[in-house]
1. With charges set only on the Cβ (+1 for Lys and Arg, -1 for Asp and Glu), what does the dipole of the protein assembly as shown come to about its Cα centre, in debye to the nearest 20?
2. What is the sum of charges, Lys and Arg at +1 and Asp and Glu at -1, for the other residues whose Cβ falls under 15 Å from the Cβ of B:Val341?
3. Using only Cα atoms, find the angle between the long axis of helix B:294-315 and the longest principal axis of chain B, and express it within 0 to 90 degrees, rounded to the nearest 10.
4. Cα centroids of segment A:25-53 and segment C:183-260: how far apart, whole angstrom?
5. Give the cross-link partners of A:Lys71 among the lysines, using a straight C-alpha distance below 20 Å as the criterion and excluding same-chain residues fewer than 8 apart.
6. Evaluate the charge dipole of segment C:43-134 about its Cα centre and quote only its size in Debye, nearest 20, assuming +1 on the Cβ of each Lys and Arg and -1 on the Cβ of each Asp and Glu.
7. Please sort by residue number the trypsin sites (Lys or Arg not before Pro) in segment C:37-87 whose DSSP state is loop and whose Cβ has at most 13 other Cβ atoms within 10 Å.
8. Cut-off 10 angstrom, C-alpha nodes, Gaussian network model of chain C. Which of C:Thr304, C:Thr88, C:Thr256 fluctuates the most?
Amino acid sequence: MTGSVPQALNTLCAGLILIAAFAMVATRQVQGVVRFFVVQSLLLTASCFLLGYGRGSIHLWALGAITIACKVIAIPLVLRKVLPGDYYERREISQAVNIPASLLIALLLTITAEFLAGPLVSAANDPVIRVNLPIGLAGVLIGVWSLIARREAIPQLIGILAMENGAFLAGIAIASELPLIAELAVAIDVVLIAVVAGLLTRTIRETLGTTEAAALRALKEEPASWR
Amino acid sequence: MALMLIVALPLLAALLCWIRPLRNAAWPITLVTAWAVFALSILVAIRVIADGRVIGLAGWFEADGLSALMLVIVSLVSALAALFAGGYMQRTEHEEQSRLWWFYCNYNLFAFALLVVPALAEPNLVWVGVELITLFSVLLVGFESTAGALEAAWKFAVLTIMGAPIALFGFFTLFWAYRSAGGGWETWEGLRASAASMNPDILKLSFLLVFVGFGAKTGLAPMHTWLPDAHSQAPTPVCAVLSGVKTTVPLYVILRFLSIVLASPMARLGHWMVVLGLISVAIAAFLLLQVRDYKRMFAFSTVEHMGIILTAAGLATQAADYGAVLQMLNHAITKSLCFYVAGVILLTIGTREIASVRGLFRVSPFAASALLFCSLAIAGAPPFPIFLSEFSILSAGLRAGQYAVVAILATLIVIAFVAILMHVNQMAFGEPARLYGSKTALPASCRTAVVAAALPVIVLGVYIPAPVNDLLQLAAHQLGGH
Amino acid sequence: MTETIAYNILQVLFVLVFAPLYAGVLSRLKEMVQSRRGPSIFQSYRDIWKLFHKDEVISEETTWIFRFTPYLVFVMPIFVATLIPVLTDYPLAFAFMADMVGAGFYLAVAGFFAALAAVDTGNPYGPMGASRTRMVGFLAEPVFMIVFFTVSFVAQSTIPYIVQQKWVASAAAFFSPAHILLLMAFLMLILAEGGKIPVDNPAGHFELAMIDESKGLEYSGRAAALMKWGGQMKFLVLACIFLNVLVAPWGLAHGTNPGAVFAAVPQILFKVFLFALLLVVIETSLAKLRLFRISEFLGAAFITSVAAMVTSIFPGA
């Protein structure tokens, strides 16, 4: 593998992004999840800048700037504004799947992602794609898992945004000449998602008194005798 | 020009609804805009039939046969829903009356997003459009802040937004395949053209991701669990648009992808589509048997029809493609009619439970006859349009030699038919269970909307006008490329 | 040949002499970070000296295990010190005596006997601490094994000297995700085995909460000095394995002349000092985990090490 410095550092960033994804599954605090998401977004930005430098693409620099503006700055701010004040002190005391098992499943998903991306990686012959594509796909799958395993509302949302991070990590390697308008629109969309989800969470909290998504079980197809 | 107006007008209307002095006029603004957009989309469709495609902004906004068909469907349903909404929303809780401008503003933004997706030619912006659809519909579903509505909105939000990054990955992968095959500016046309030279592995992964991601939005099993909740808890005009077109639009994107994939030498994917479509139909049919809420009943029927469209597209013959697009059209108009009727019943009776509704004929003959009409239509009885499209799909399957598929599909359709009529029978006939309160007259706009929505259903059931047929042929051609 | 034996002995002396200094520096830094003055960095030497000159008191209920263990705990890290790269990056005379699995075995023997001796005393706190140590031990075992397997698989050898060449072959290998993940996993392992926060509080005196400290509770006089010194040496040896084998062979002597090797001594000390800084940061910013959360901590370490294995085995990453 040709080891130019930007590529090596990009590999480092990708490895740390994977660690951040695991950390998002492993942590209990809501605040912890948001923090790891910010860390992951920062690493994604670093990867953008490194690839932009390595490929000489102004495009990627712009994308990195957009990512910082939206994911590192805007989304935590939006969440702080929109969510009720004491929301960040919440912790998930019990989970459906305990943390070591949850981490094990995340690991299995990483292995699945490596398998899925295998034929594509050998088709491309680019060391950057070889690193970014499997880890991006793993980020998406781990995001899906953390969505399922979480009980609180905002960690579920952060799981979705972490999936976007994964998709972007792969995207900057494979689709780096995407029109800038598209990137911009995607970024705005991400912020909108945060806004909508935050508003919903607040309304749910006000109406139902709790934000645990597992508490929402009124609409199910159960026979009347079981209720 | 017309294309750009179609996209711009709803945005303008949303802005106008937001401006304080015009807030009370929110409904008329929405209504006028919606019908104007419908007229414009008819214009676009006529030009597409004549020229083959309409170009608004080259490379960005283009419409071919399939897009034009979608534009017509979307604009018709949202126009009728806007009509229905006027009277219906006035009957809602008083505290939400002051928020009605927000409802209409949202509704216009929702319509904008729904229209922008077929009008766009650049696939990545299509992704953004589909996401906007999801976001605005989440806001609309959660409009009534009851516990049920919020739960539905949350489940809906999580499950559909979850599909977004997966689909985004798929779009990135498609772009990669396209660029590696030497493509230039990415449009649907360009993708179809270079489909044969794209790397099949990359294309397969891309389609898989987009199918999972957007399938969640379409309500394909097993990602359909949000659909009954969202489509029953939302305000009824919104339900009509949700069921009628909002599930069809992501399916439209999936079908575009499918046509690209099938143009490359990987025809085996069609078999998988058939299987997955049949699974959706099966799950919906069996769930229909034990549903307890009539809006949920119609929502499950949406799942069933989405499955049928997918199966038809998977069969990948010219006749099956024609059946698929015909089904899209007919389902949209029929399903929205069903929800208008459901809304009328809700206004009359006040509850959504099937078990509480008895003897509707004695209470409100208008509602009961409309109910019978629309449920026969949606279940697929002749002489209604859905019967025509399902029949054409089944006969296309027979001609293609897929006897097993046709047999299973026919059985499932019959099961769904029986289930729907069983429930409707309970509701319409018999003695009224109790006095349903004072018989307040239905709002005029609701009645008008129901009658107006019923007209295309009656007409298309027996006769497909030549321009409509041409449009459908064009759309089917886009789908299959045969 | 004689040179390498001499260097080997020099290595052992290095570990022997500087282990208490390392412990002293660590505790002084921790106190400084907490805005306190802390003991002098040479305090451990004075403690060991003092303990050697005290009488031993041994309970009548104990068996030979209790008397034998301090010597074992003292000698085992010395064996391990002969196997790992401490001062040089080429194999020395005894380097092929055992590989990393052997080194792990030596340390495990010492720990096993220490736990047995703690049970031997009959003191209620001894067995409690011993059982907790064993729990941490068996949770840490899979991590050790996976780390060793990965590292050996990648380097095609289990000898530490050969392994450490692999990671600095190129910048790409140094920064590869496998390397980073391995470092993280092993760091968590060192924290667990060495009894540092977040697994255990080394400065705590509360017997009910002790995990690793409890094995030295009952000893007095010379035995206590040996246990203490042995524990410090074990930690320095683990730190040397981490830094010299896994991180990078910076500071290790490349040439065979005595000058190079002696020059390596301050460089390795500096490297170890940097590691101490990192440890201090970790220890002062985290809180001690509750006992049953330790399984999650080590579970996370396990997952990290398996992820390292996965990313290094699959081609390209």
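1. 1320
2. Value of the local net charge: +4.
3. 20
4. 32
5. Of all the lysines, those that pass the test against A:Lys71 - Cα under 20 Å, at least 8 places apart if same chain - are A:Lys81.
6. Here segment C:43-134 has a charge dipole of around 180 debye.
7. Sites meeting the loop and neighbour criteria: C:Arg37, C:Lys54.
8. Highest fluctuation of the listed residues: C:Thr256.
Computed from the coordinates by the stated procedures, all read-outs in this text should not be read as laboratory data. Since this is a predicted model, take the numbers as computed values, not measurements. Cβ sites come from the backbone with ideal geometry, for glycine too, and all protein chains shown count toward neighbours.
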